[in-house]
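Undergrad: Pasting a structure here, questions to come.
The values are calculated or read from the model by the stated rules, or taken from the named source; none is laboratory data. Everything quoted here is computed from the prediction, not taken from an experiment. Heads up, the Cβs are rebuilt from the backbone with ideal geometry, glycines too, and the neighbour counts pull from every protein chain shown. In case anyone asks, the SASA skips ligands and DNA or RNA and just uses the protein heavy atoms, side chains included. Shrake-Rupley method; radii C 1.70, N 1.55, O 1.52, S 1.80 Å.
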Amino acid sequence: MSQITVTEHLLLRQKQSPMATGQFTSLLTELILSAKIISREVTKAGLVDVLGFTGETNVQGEKVRKLDEFANNVLIHRMRRAGVLCAMASEENGDIIPVEGEFPQGDYILIFDPLDGSSNIDVNVSIGTIFSIYRRPKEKRGDAPCLSDVLQKCENQVCSGYFIYGSSTMMVYTTGDGVHGFTLDPSVGEFLLSHENMQIPKKGKIYSVNEAYWNSWDTATKDVLSYFKSHQNAEGKPYSSRYIGSLVADFHRNLLYGGIFMYPPRVFENGKRQGKLRLLCEAAPMAMLVEQAGGMATDGTNRILDYFPTELHQRVPLFIGSPEDVQIVKDIYEHHEEGQ
Ligand code: P6P
């Protein structure tokens, strides 16, 4: 198998991708080093004292696990010194993290969920790091970094992807020139190209949703779920239900096998009326990936990449995966809207 690294692959395709600039390849290199450090801790979590909770709660009101904090600190420490960012935003931090003062500034903005699915850490289920990269607007360069640099229209992303720490550690990412997967070869410490030009099947046979929230869903959402569970759908039989509770793991399986991941609005629950997932560090990066892989990502009816965020941690309902399955959801919701 040809041993192509991420940087080599980016340079090889640079004729199509204007992203192979020095700053950007440095950004990727530092991001990959951060992921290797996190992967090392995740894979030995059972052996050293990194399991369990720190005793704190994060901006989301969630208990912070030691590995969450470790992953967050690694990313902030390394990326601050990379000389390629003007600001960062983490799912774990309430405000943006400006890069200024003693730290060399660059023109990119990095948004990340340092360890998504962390509730699964202690039970050895795949978890991941999700990242999203924007370029700072030219007219803002030289100013002090601020929230408005980060709150850009989601389709302005220049790169997005995830690292998944599972049976192997993989990096799956896009710079707008297709989706490419790289598998970490621990014997050489490099991510090597293993899945070039990943394309999601047009239609799947799997749906992923937490059905415990059935009573929090409205009628339209219940009709969506009934479609995937019925014998009257286009398949003529129910889809298989697969839900890991780790967005990166559920998304990665559906990217390879086809299918749809859903996190509908929990309309009857305060604070969860827009669902639980965060727009900027979960839904938007996954939406860029899935569209580049030929899939779709909506809030049920509206394209995720058309969103213009108003808050750093705003939540959004998410329906993402095979285009024919996401379109069926859109048709059902629009049918209900017409009926009202
Ligand atoms: P629930 C993990 O906390 C996460 O943000 C995603 O990785 C995952 O898909 C979702 O929450 C699970 O949420 O409400 O089903 O436990």
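Undergrad: Within the accessible area of the chain, what % is carbon and sulfur when the probe is 1.4 Å and the other protein chains stay in place?
TA: Working: 6890 of 14080 Å².
Carbon and sulfur atoms account for 49 percent of the accessible area of the chain.
Undergrad: Less than 18 Å from a label point 7 Å out along the Cα-to-Cβ axis of LYS229: which backbone N atoms in segment 236-250 qualify, by residue?
TA: 236-245
Undergrad: Put LEU312, LEU318 in order of accessible area, largest first, 1.4 Å probe: what do you get?
TA: Details: LEU312 20, LEU318 0 Å².
Largest accessible area first, the residues go LEU312, LEU318.
Undergrad: While we're on this one: Apply the Debye scattering formula to segment 206-339, with a single equal point scatterer on each alpha-carbon and no solvent, then give log10 I(q)/I(0) at q = 0.16 Å⁻¹.
TA: The Debye formula, applied to the Cα set alone, gives -0.76.
Undergrad: Still on this model: Note down the magnitude of the dipole of the chain about its Cα centre, charges +1 on Lys and Arg C-beta and -1 on Asp and Glu C-beta and zero elsewhere, to the nearest 20 debye.
TA: Values: 33 positive and 42 negative charges, 90 e Å.
Using only the charged Cβ atoms, the result is roughly 440 debye.
Undergrad: First select every other residue whose beta carbon is under 14 angstrom from the beta carbon of ALA87; then total the charges, Lys and Arg +1, Asp and Glu -1. Before the final figure, lay out each step's value.
TA: Details: positive: ARG80, ARG135, ARG136, LYS140, ARG141; negative: ASP95, GLU100, ASP107, ASP143, ASP149.
Every neighbour counted, the sum reads 0.
Undergrad: Cross-chain or 8 or more residues apart, Cα under 23 Å: how many lysine pairs in segment 6-197 fit that? Count them up, please. Walk me through the intermediate numbers first.
TA: Working: LYS36/LYS44; LYS36/LYS66; LYS44/LYS63; LYS44/LYS66; LYS138/LYS153; LYS140/LYS153.
Pairs that pass both the separation and distance tests number 6.
Undergrad: Full-extension gain between SER216 and ASN302, please, as 0.36 nm times their residue separation minus the C-alpha to C-alpha distance. Spell out each step's value before the answer.
TA: Values: separation 86, 0.36 × 86 = 30.96 nm, distance 2.09 nm.
Extra length from SER216 to ASN302 when fully extended: 28.9 nm.
Undergrad: Under the 0.36 nm per residue contour assumption, what length would be gained going from the current alpha-carbon distance of ASN124 and THR57 to full extension? Mind dumping the intermediate values first?
TA: Numbers: separation 67, 0.36 × 67 = 24.12 nm, distance 2.21 nm.
In short, 21.9 nm is gained.
Undergrad: While we're looking at this one, here's another question. Between THR169, TYR108, PHE53, whose Cα lies farthest towards the positive end of the dipole of segment 6-197 when Lys and Arg beta carbons carry +1 and Asp and Glu beta carbons carry -1, centred on the Cα centre?
TA: My answer, from the dipole projection, is TYR108.
Undergrad: Within segment 206-339, how many Lys pairs that are eight or more residues apart, or on different chains, come under 22 Å at the alpha-carbon?
TA: Counting lysine pairs in segment 206-339 gives 9.
Undergrad: Using the Cα centre of segment 263-331 as origin and beta-carbon charges of +1 (Lys, Arg) and -1 (Asp, Glu), tell me which of GLY275, LEU318, PRO285 is placed farthest towards the positive end of the dipole.
TA: Toward the positive end, the furthest listed residue is GLY275.
Undergrad: Give the dimensionless ratio obtained when the Cα radius of gyration of the chain is divided by 2.2 N^0.38 Å.
TA: Working: Rg = 19.5 Å, N = 340, 2.2 N^0.38 = 20.2 Å.
The chain yields a ratio of 0.97.
Undergrad: Leaving out ligands and nucleic acids, and using a 1.4 Å probe, what accessible area per residue does the chain come to in Å²? Mind dumping the intermediate values first?
TA: Values: 14080 Å² over 340 residues.
Value returned for the chain: 41 Å² of accessible area per residue.
Undergrad: Something else: In a shell of Cβ-Cβ distance under 12 Å around LYS237, excluding LYS237 itself, what net charge do Lys and Arg (+1) and Asp and Glu (-1) give? Kindly include the intermediate steps, with their values, before the conclusion.
TA: Values: positive: LYS205, LYS229; negative: GLU235.
Cβ neighbours under 12 Å give a net charge of +1.
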